[in-house]
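The values are calculated or read from the model by the stated rules, or taken from the named source; none is laboratory data. Quick caveat: nothing in here was measured; it's all calculated off a predicted structure. Note that each Cβ is placed from the backbone with ideal geometry, even for glycine, and that neighbours are counted across all protein chains shown.
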Amino acid sequence: MAEGLSLWLPAAVSVAGAVAGFAVWSKPAALKVLAVGVSLASLALLVASSGAAAGVSLPMLLPIAACLSLLGQPAHEDNRAAWILTLLLLGLGLSMLTAQDGMGLILSALLLIVLVALLYRYRALSVSHLWQGIGIYACGVVCLVLGLVAAPPVSAVAVLAVYAMLLPLAPVHAGYVAALAGLPGNLPAFLACLLPVLGFHGLLAVFPHLPDSARDALPWLGLVGAVYGALKALAQPRVRALLAYANLSFFSMLWWYVATMRTAPPQAVLYLAAVGLATNGLLQAWYAIRARYGDMDLRAIRGLAQPMPRFAVLFALLALAALGLPPFGVFAGFMGLLLTPGLPLSGALAVIVLVWLTASWYYLGLLQRLLFGRHRPDLRYEDLGRTEFAALLALMLILFALGLAPARVFQPGAPASPAQVAGGDAWIR
């Protein structure tokens, strides 16, 4: 009971904060302060329930991502809906991490319905896979209904498809790409952490109930998704779509590892958290550009290193962290997975390493196109503001800490097999 309350209480605080936000709707600055404060309160409740010496658990990643994505936003009336939705989604996400059996599936269906509504509401902003994303998430609701009424193993496979939509895996990744590329404000940055965490949690819960044929197919789907995501990222002219496909590639590697090893060690949690936080930071940094100049592609703006030095330094460091260079968390997590005892040397492993190296092309290409070259004389350049700088700097410090001392930052306990965590994984609570 205490374990459940440790997540239900901060979830309730987040939802209550979202409702209270309507009382200060006409005051964007006050609403932003309220939203940041509520996310910090949720984080404080999680820390208090787990103990100061327990390290950072995966549920704590959600209020951290919410708080920093909210902090980096300007206090503008156009962002108000995104702030309230962030608190609602934070509460829903924390509830999904503690819900059991049918209630977890019902909350998952509610999440997908909210995502469908958001994609349709903001369809004018979409730049990639809008209707495919809406269709995928709508099919996910049907899969969850099937998971409630059908018998195993049909129900397990249906529910697995939903978690593959959240922790993106080809061919059901379109909703994830559409959400990151088409939603307003800080929502893409927050969803870059929220959706993979929920998908990973669900994967561990449903994996023991899958038929052998599905378990054997997952490593191949992970390989295909990793290669496909990397190739698509190389061809993207828009930053948000590039980051979404990069995440598809990196998270597909995680699918391959879990399905191959039939285990989810602490290094997998570290890898998941670091990839999500790095993407959160890059999306926040790109939002700063969008807020100033609109949602343009990479051919329309470049040469930001000289007129926007603070932006250039932090964006470059976040990109280097995201592509997996030391001493940041993505590198520590990825190396931890590759050096796991018992991981077989195979052609599949060679493909994974090659895909990881491919990230150098699209991330370094992103840096080269955005930061270097001649800047446009017709644009008025404005560097990061104080809150934007503070949010990105905090993310950089977290990623740095994850790389240098992962065991001190994340202390999820001993490695756990999916069979040991059926119905919920003990070391992320």
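Scanning the range 293-315 for residues that are among the basic types (Lys, Arg) and buried (at least 16 other Cβ atoms within 10 Å of the Cβ) yields a single hit, 302.
For residue 237, all conditions in the list (1) assigned to a helix (DSSP H, G or I); (2) more than 16 Å from residue 330 (Cα to Cα) hold save one; what is the number of the exception? So the condition that residue 237 fails would be (1). Which one is surrounded by the most Cβ atoms within 10 Å (Cβ to Cβ), of the residues in the range 347-386 that are among the aliphatic types (A, V, I, L, M) and not in a helix (DSSP H, G or I)? The extreme case among them is 384.
Taking the options 271, 293, name whichever one is over 14 Å from the mean Cα position of the chain (by Cα) and of a type in the set (Phe, Trp, Tyr).
Working: 271 fails: over 14 Å from the mean Cα position of the chain (by Cα).
Just a single option satisfies the conditions, and that option is 293.
Filter the range 37-74 down to residues that are among the hydrophobic types (A, V, I, L, M, F, W, C) and at pLDDT below 90 and give me whichever is farthest from residue 270 (Cα to Cα). Give the derivation first.
Here is the first cut: in the range 37-74, the residues among the hydrophobic types (A, V, I, L, M, F, W, C) are 38, 40-41, 43-48, 52-54, 56, 58, 60-62, 64-68, 70-71.
Right, trim to at pLDDT below 90 and you get 47-48, 52-54, 56, 58.
On the way: 47: 18, 48: 21, 52: 19, 53: 17, 54: 15, 56: 10, 58: 9 Å.
Selected residue: 48.
Report yes if some residue within the range 257-268 is under 21 Å from residue 358 (Cβ atoms), at pLDDT below 95, assigned to a helix (DSSP H, G or I) and of a type in the set (S, T, N, Q); otherwise report no. The answer is yes; a qualifying residue exists.
When the range 316-346 is examined, which residues are found to be surrounded by fewer than 20 Cβ atoms within 10 Å (Cβ to Cβ) and not in a helix (DSSP H, G or I)? The answer is 325, 326, 327, 339, 340, 341, 342, 343, 344, 345, 346. Scanning the range 165-184 for residues that are touching a residue at least 40 places away in the same chain (Cβ under 8 Å), surrounded by fewer than 24 Cβ atoms within 10 Å (Cβ to Cβ) and not aliphatic (A, V, I, L, M) yields a count of 1.
Yes/no per residue for (1) under 30 Å from residue 217 (Cα atoms); (2) assigned to a helix (DSSP H, G or I); (3) in contact with a Gly (Cβ under 9 Å, 6 or more places away or on another chain); (4) not aliphatic (A, V, I, L, M):
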site	(1), (2), (3), (4)
59	yes, yes, yes, yes
75	no, no, no, no
93	yes, yes, no, yes
97	yes, yes, yes, no
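Residues that are of a type in the set (A, V, I, L, M, F, W, C) and closer than 26 Å to residue 128 by Cβ within the range 159-175 comprise 160, 161, 162, 164, 165, 166, 167, 169, 170, 172, 174, listed in sequence order. Checking 98, 86 one by one, the residue that is in contact with a Phe, Trp or Tyr (Cβ under 7 Å, 6 or more places away or on another chain), of a type in the set (S, T, N, Q) and at pLDDT 95 or above is 86 and no other.
Any idea which of 141, 127 is in contact with a helix residue (DSSP H, G or I) (Cβ under 6 Å, 6 or more places away or on another chain), in a helix (DSSP H, G or I), of a type in the set (Val, Ile, Thr) and surrounded by fewer than 20 Cβ atoms within 10 Å (Cβ to Cβ)? Let's see the steps before the verdict.
Working: 127 fails: in a helix (DSSP H, G or I).
Testing whether each residue is in contact with a helix residue (DSSP H, G or I) (Cβ under 6 Å, 6 or more places away or on another chain), in a helix (DSSP H, G or I), of a type in the set (Val, Ile, Thr) and surrounded by fewer than 20 Cβ atoms within 10 Å (Cβ to Cβ) leaves just 141.
Close contacts from the range 19-47, counting a first residue that is over 10 Å from residue 84 (Cβ atoms) and a second that is part of a helix (DSSP H, G or I) and of a type in the set (Phe, Trp, Tyr), with Cβ to Cβ under 8 Å and a gap of 6+ residues or different chains, come to 32/83. Of all residues in the range 63-83, those satisfying the criterion of being more than 14 Å from residue 183 (Cβ to Cβ), of a type outside the set (Gly, Ala, Ser) and surrounded by 20 or more Cβ atoms within 10 Å (Cβ to Cβ) are 63, 64, 67, 68, 70, 71, 80.
Within the range 84-104, residues that are within 14 Å of residue 191 (Cβ to Cβ) and touching a residue at least 60 places away in the same chain (Cβ under 8 Å) sit with their Cβ atoms under 8 Å from residues that are aromatic (Phe, Trp, Tyr) and assigned to a helix (DSSP H, G or I), at 6+ positions apart or across chains, in these pairs: 86/190; 89/190; 90/190.
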